[in-house]
Amino acid sequence: MKINYYHFACLASVIFAVGCKQETKETSVITGDEIKSHIAVLADDSLMGRKPFTAGETKAIAYISSQFKKEGLEPGNNGSYFQDVPMVEVTSTPSATMSVSGAKGDLSLNYMSDFVASTRQEVQEVQLTKSPLVFAGYGVVAPEYKWNDYAGLDVKGKTVVVLVNDPGFKSGSSTLFKGDTMTYYGRWTYKYEEAARQGAASIIIVHQTEPASYGWSVVANSFTGAKLYLQEKDKHMSRCKVEGWITEDAAKKMFAAAGITGDFRAIARKKDFKAIPLNMTATVTVKTKLKYSTSHNVIAVLKGTTTPGECILYTAHWDHLGIGKPDAKGDSIYNGAVDNASGVAAVLNVAKAFAQQKERPKRSIVFLAVTAEEQGLLGSEYYASHPIFALNKTVADLNMDALGSYGKTNDFAITGKGQNDLDDYVAEFAKADGKKLTGDKNPGAGGYYRSDHFNFAKVGVPALDMNNGAESAAHGEAYGKAKQKEYGDLHYHQPSDSYTPDMDANGMAQVANLLFKVGNKLANETTFPGWKAGSEFKAVREKSMGGK
């Protein structure tokens, strides 16, 4: 279906013109008010939570592209501001209960309150019938750590039950994996992938709030209903039939019935751990509805003057969760003001700052607002596998996702600090501004693997994810930490992540201004930043740069 993107952009501009600060061409300094003006549009109820395949997508990408056009940026994809991202929407509806049966009794787990389940397989229905349950620890195969939870285990036809995060988390040992800093082996995405590689029929992840870094409500909201996946030739038939989660309480009952008591994280992190058959079976049915369609990345470019074939990439995801379960106030629109209208607003203002400079940079600057991050980083994954600008000439990816709305801070936070040379660029400008630099606020959450920069890291592009620090300039560190916790506990992936006129976006502007300076320096150099020694992404970059 042909859609008039600019019609919606103009409509949005008319609706939200009142109260938005008028921008002038005289300044390239990014302000909190400028960022708020974009958030007000992107997080408005009329965009219905910006879910891909909806009218909310149409309006969101129209607005973003219109802002790029307004600043005189060229379309980034052969004359178009859009890159098609073919996806399939799978709406999974599990049976009301999952039956767990064993010699010592049966359990009936209730959908949503005890378990969630879905499938990626593009069929009308999948059935898991009396599938033997096996506790496979953390579900990790990591040769570099000499760890294999699947050693000697045949899981064909079986359901593996695994723990979230990895063995190092809260182990008390900094040498077990990376201690409290999550590796990619701790991410649920990896666990699903590994279970499929092992040939399991199904995988169930045990949810625990501390190692997951989010509560059960996030699982219930994010892993149910319609989910989007990139289209694959095999129609995802190589994936497990069922991919699901169970609550910690449900897991305790299941394990107790199998004779496993105590701290099962401690049991699974022992170096001599061997998978444990639970002598129980699981039965559940998942019916599906399939919809094939195309979402869109939005891309614009400011051509460099000397080496336009080399580029610095700015990224942020425009999507959120759409319309879902109502909260206590009856609000069912998941607007995603912080996550991630804030990042898109910052990218739009960085684009404006570059466009209004008197002298253009030597290298090109590419601005990419990607789709379907909330569905598993799909838009950035698609771009990384279908790049418009050569990856070995992409100098860096500078990503912004869920910037803090609690005002200016005296520090900045780098997700996955220590991975690559971009840290040093940030440190230079942070120091010049009298600001401190910190690493992950919560390294156990695996933040480096949870936003779009990760897909660029996987293909070797030095990638940086920046955010505000915790030390509030006005109220101190305790206040900043409390605001971060408040957002994580009460607003993350909830309808309450909404725009309000009293939102303090000055800290967002700090991050945007700093990354504008970093990108400007990179764009006027001839060298390429690299990965630091020990980074898992160093080898792939060096290989790709060999043919530069």
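The values are calculated or read from the model by the stated rules, or taken from the named source; none is laboratory data. Because the structure is predicted, anything quoted here is derived from the model rather than measured. Virtual Cβ from ideal backbone geometry, glycine too; neighbours counted across all protein chains shown. Just the protein is used for accessible areas: all its heavy atoms, side chains included, with ligands, DNA and RNA removed. Shrake-Rupley method; radii C 1.70, N 1.55, O 1.52, S 1.80 Å.
A few remarks follow.
- Taken along its three principal axes, the alpha carbon spread of the stretch 121-265 comes to 46, 34, 33 Å, from the longest extent down to the shortest.
- Two-decimal log10 I(q)/I(0) for the stretch 259-335, as the Debye equation yields it once each C-alpha is a single scatterer, q = 0.15, 0.18, 0.20, 0.27 Å⁻¹: -0.92, -0.95, -1.02, -1.35
- Extension gain, Leu290 back to Glu125 (0.36 nm per residue minus Cα-Cα distance, nm): 58.3 nm
- Per residue, the stretch 428-503 exposes 44 Å² of accessible surface when a 1.4 Å probe is rolled over the protein heavy atoms with every protein chain present.
- Debye log10 I(q)/I(0) for the stretch 29-135, one point scatterer per Cα, at q = 0.12, 0.14, 0.16, 0.20 Å⁻¹: -0.70, -0.79, -0.89, -1.14
- Reciprocal of mean inverse Cα separation for the stretch 143-191 (Kirkwood radius, Å): 11.9
- Net charge over other residues, Cβ less than 9 angstrom from the Cβ of Ser496 (K, R count +1; D, E count -1): -2
- Heavy-atom accessible surface of the chain: percent carbon and sulfur, 1.4 Å: 52
- For the pair Glu74 and Glu248, label points projected 7 Å from Cα toward Cβ lie 5.4 nm apart.
- Shown here: the stretch 449-548, whose C-alpha atoms stretch 50, 28, 24 Å along the first, second and third principal axes, sorted largest to smallest.
- Dividing the mean sequence gap of close Cα pairs (under 8 Å, 6+ apart) by how many residues the chain holds gives a relative contact order of 20 percent.
- Which label in [x] 12; [y] 33; [z] 22 gives the computed percent of Cα pairs over 46 Å apart: [x]
- Euclidean distance between Cα centres, the stretch 310-336 to the stretch 358-411, Å: 17
- Between Asp489 and Asn148, the distance separating the two model label sites (each 7 Å from Cα on the Cα→Cβ line) works out to 4.4 nm.
- Were the residues from Ser332 through Asp502 laid out at 0.36 nm apart, the gain over their Cα-Cα distance would be 59.0 nm.
- Beta bridges per DSSP, both residues in the chain: antiparallel share near 65 percent.
- Between Lys358 and Asp84, the C-beta separation translates, for a Förster distance of 51 Å, into a calculated FRET efficiency of about 0.90.
- Here, the stretch 73-188 yields an orientationally averaged convex hull projection of 13.3 nm² when only Cα atoms define the hull.
- Ranked by how many other beta carbons lie within 10 Å on average, peptides 484-491, 220-227 from highest: 220-227, 484-491
- Taking other residues whose beta carbon is less than 11 angstrom from the beta carbon of Ala275, and scoring Lys, Arg as +1 and Asp, Glu as -1, yields 0.
- Helix 477-486 and the long axis of the chain differ in direction by around 60°, with both axes built from C-alpha atoms.
- Diffusion coefficient of the stretch 173-220 by Stokes-Einstein, Kirkwood radius over Cα pairs, 20 °C, 1.002 mPa s: 174 µm²/s.
- Acute angle (nearest 10 degrees) that the helix 248-257 long axis makes with the longest principal axis of the chain, alpha-carbon atoms: 20
- Placing pseudo-labels 7 Å out from each Cα toward the beta carbon at Thr209 and Thr261 gives an inter-label distance of 2.5 nm.
- Peptides ranked, highest mean first, by Cβ atoms within 10 Å: ranges 369-375, 492-498, 75-81: 369-375, 492-498, 75-81
- Dividing the C-alpha radius of gyration of the stretch 319-385 by 2.2 N^0.38 Å, with N its residue count, gives 1.49.
- Paramagnetic reach from Lys431 in the stretch 502-524 [backbone N under 18 Å; point 7 Å along Cα→Cβ]: 514-515, 517-519, 521-522
- Chain lengthening between Met237 and Met545 when straightened (0.36 nm per residue, less Cα-Cα): 107.4 nm
- Accessible surface, the stretch 282-383, averaged per residue in Å² (probe 1.4 Å): 31
- Percentage relative contact order, the stretch 152-297, counting C-alpha pairs under 8 Å, at least six apart: 24
- Relative contact order computed over the stretch 344-436 (Cα-Cα under 8 Å; 6+ residues apart), in percent: 19
- The stretch 81-198 - accessible surface per residue (Å², probe 1.4 Å): 40
- For peptides 433-444, 417-428, sequence by mean Cβ density within 10 Å, most packed first: 417-428, 433-444
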